[in-house]
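The values are calculated or read from the model by the stated rules, or taken from the named source; none is laboratory data. All figures in this text were calculated on a predicted structure; none of them were measured in a lab. Using ideal geometry, Cβ is built from the backbone for each residue, glycine included, and neighbour counts are taken over all protein chains shown.
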Amino acid sequence: MSEWEILIAILIAVAAAAILAVLIRHFIKKRENKKAIEKSGAEGGKIVSDLLGKLSAENIVLNDIILEKSGRSCQIDHIVVNPRGVFCIETKHCKGIISGKREDREWVQTVEWSDKKRRIGNPIKQNATHIYFLSRIIPKELNVRIQSIIVFVDSDLRYVDEPEVVSLENMPQRLFTGENVLTSEQIDYIAKKIIDSSGEVSKKRHLQNIKKTKKKIKNMICPRCGSALIMEKRSDGKYYKCSNDSCKFSQKK
């Protein structure tokens, strides 16, 4: 090889090493961010569960519940069953200012001192899926409306105007709003139904179900009813939509 060829080979090797180093740093940072988010979520969940644990004996509190239906599953942070009904609680531990609306696909978290922004999934839509799973477990003859509560721990909610979104401090009062609709026997019955259903699903199977759902959507199969999916254009982008009119499944691409 000539000197020029050797030099070019060295430059190519150095460039390849530099690119590999950048990719490795990106991968490590991504993993660290994921772990930090998971840790923050776990801390928020514990704060809420500790607060719920101080409620009176008329409240049955269920934490970290996994439910399954037709090969799909979801993980619910907290469920409270009391005389006022059934409350499905989604916890978000996000420091900074939160902004978003019910119809948005994603909400935004802004850290005040750095103006750093991070997008998070719309928690209202997320909890709507949880409520769908719960509604398949609670007998319809009880005619119980499952109420959604989104509790943000250590967050500024000045730009969020949605009734079910509350701060940690305001969460307890939401559990005691309205008239009594359930007897103590019905409360015990509903809680037992939920516990029995959740006991059948492991976290490992929950993750497997998530992968199966993504695969079905990729193959244009509705994960809810098995019908064909169609692509629908909307003002904010493309959506997967079930071709079965009686099925309401819809998800942004």
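For the reader, a short list of remarks on this structure follows.
- In segment 65-93, of all residues being in contact with a Gly (Cβ under 8 Å, 6 or more places away or on another chain) and over 27 Å from T183 (Cβ atoms), the one that is modelled with the lowest pLDDT corresponds to H93.
- Every residue from segment 86-122 that is in a strand (DSSP E or B), basic (K, R) and under 28 Å from L134 (Cβ atoms): K92, R119
- Looking only at segment 162-174, and only at residues there that are surrounded by fewer than 18 Cβ atoms within 10 Å (Cβ to Cβ) and free of Cβ contacts under 8 Å to residues at least 24 places away in the same chain, the one that is farthest from the chain's Cα centre (by Cα): Q173
- Residues satisfying the stated conditions in segment 211-223, i.e. within 26 Å of D104 (Cβ to Cβ) and out of contact with any Lys or Arg (no Cβ under 7 Å at 6 or more places or on another chain): K214, K216, I217, K218, M220, C222
- Filtered residue count, segment 123-152, keeping only those that are of a type outside the set (S, T, Y) and in a strand (DSSP E or B): 6
- Where a residue in segment 175-197 is touching a residue at least 60 places away in the same chain (Cβ under 8 Å) and of a type in the set (S, T, Y) and its partner, wherever it lies, is surrounded by 13 or more Cβ atoms within 10 Å (Cβ to Cβ) and in a loop (DSSP other than H, G, I, E, B), with Cβ under 6 Å and at least six apart: S197/I137
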